[in-house]
Amino acid sequence: MVDAIATQIVETFGGDGMMVRFRSSSNAEDALNFNGAGLYSSTSVCLADSRDDDEVGPSRCDPDQASERSICRGLTHVWGSLWNLKAFEERQWYGIDQRQVRMGILVNERSKGELANIVAFSGNPQRRGDDRYLVNAQAGELDVVAALPGVWPEKDLLTLEGGQVSAIERARGSTELPKGQWVLDDARIEELGSALFGIVEIFPVDAMVSPTATVLLDTEWKVRADGRLIVKQVRPFLR
């Protein structure tokens, strides 16, 4: 199996010297009644580390990584996260059959030197009737979903008309930036809002929903080191 993964990495990414990301993708998350955000682990993997004759770092794909990042290490790290205590207890609380859970892995390109991490909702999950998009953005590679105590992301509320951002409310600045500075400037917010609107238009929701409930989209984005805005993940969220 490791050989098959290695072959696919070379075919997809053009060689063994690029760090890739093994992203957790279980069947016990991203459901309307069980979000599961932040329960499982993802990790970076370097095929060249699997192919050398030692287990001594640094990684051949990224000298900033002090240890090797082999395929075997990546597989066991992501698969094992299915059974971390937090994930087990969360599933138990929601009555999910633990015998039926499985972990898959999505392999994509790893980003380094990110300019921003973003979590955006296609509505305000904290207030019924507020259809403004809620955007939480943090500078650099700092996490938004599992932030350290006392570290808060920027919070913006976007009004959209005809698929375009017509108004921006700056509700809170990031704790990691001086007052008056923003992780996302107006142009980037307008780009994000328009892109999220496009996703809302085509995203399928195949579950029955109560007439009193609203399905929002909970999305994760990043601004890469080269300035590109990319979407990482989209999941339904029941408000």
TODO: State whether the residues of the stretch 215-229 include one that is under 16 Å from the mean Cα position of the chain (by Cα), assigned by TED's automatic domain parsing to the domain that holds Pro125, under 13 Å from Gly123 (Cα atoms) and of a type outside the set (Val, Ile, Thr).
DONE: yes
Open item on the list: Can you list residue pairs whose Cβ atoms sit under 6 Å apart, with the first residue in the stretch 174-191 being in a helix (DSSP H, G or I) and the second being β-branched (Val, Ile, Thr) and surrounded by 16 or more Cβ atoms within 10 Å (Cβ to Cβ)? Count only pairs 6 or more apart in sequence or on different chains.
Closed with: Ile189/Ile168; Glu190/Val165
TODO: Count, please, the residues in the stretch 77-98 that happen to be free of Cβ contacts under 8 Å to residues at least 40 places away in the same chain, surrounded by 12 or more Cβ atoms within 10 Å (Cβ to Cβ) and more than 14 Å from Glu29 (Cα to Cα).
DONE: 2
TODO: From (1) assigned by TED's automatic domain parsing to the domain that holds Val231; (2) part of a strand (DSSP E or B); (3) surrounded by fewer than 20 Cβ atoms within 10 Å (Cβ to Cβ), pick out the condition that doesn't hold for Ile105.
DONE: (1)
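Rundown of residues vs (1) β-branched (Val, Ile, Thr); (2) without any contact (Cβ under 8 Å) to a residue 60 or more places away in the chain; (3) closer than 19 Å to Asn108 by Cα; (4) assigned to a helix (DSSP H, G or I), yes/no style:
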| residue | (1), (2), (3), (4) |
| --- | --- |
| Thr12 | yes, no, yes, yes |
| Ser24 | no, no, yes, no |
| Gly38 | no, no, yes, no |
| Asp53 | no, yes, no, no |
| Gly57 | no, yes, no, no |
| Arg60 | no, yes, yes, no |
TODO: Within the stretch 135-151, identify whether any single residue is in a strand (DSSP E or B), hydrophobic (A, V, I, L, M, F, W, C) and more than 22 Å from Val231 (Cα to Cα), and answer yes or no.
DONE: no
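The values are calculated or read from the model by the stated rules, or taken from the named source; none is laboratory data. In this text, all values refer to a predicted model and were calculated from it rather than measured experimentally. Cβ coordinates were reconstructed from backbone atoms using ideal geometry, including for glycine residues, and neighbour counts include every protein chain displayed.
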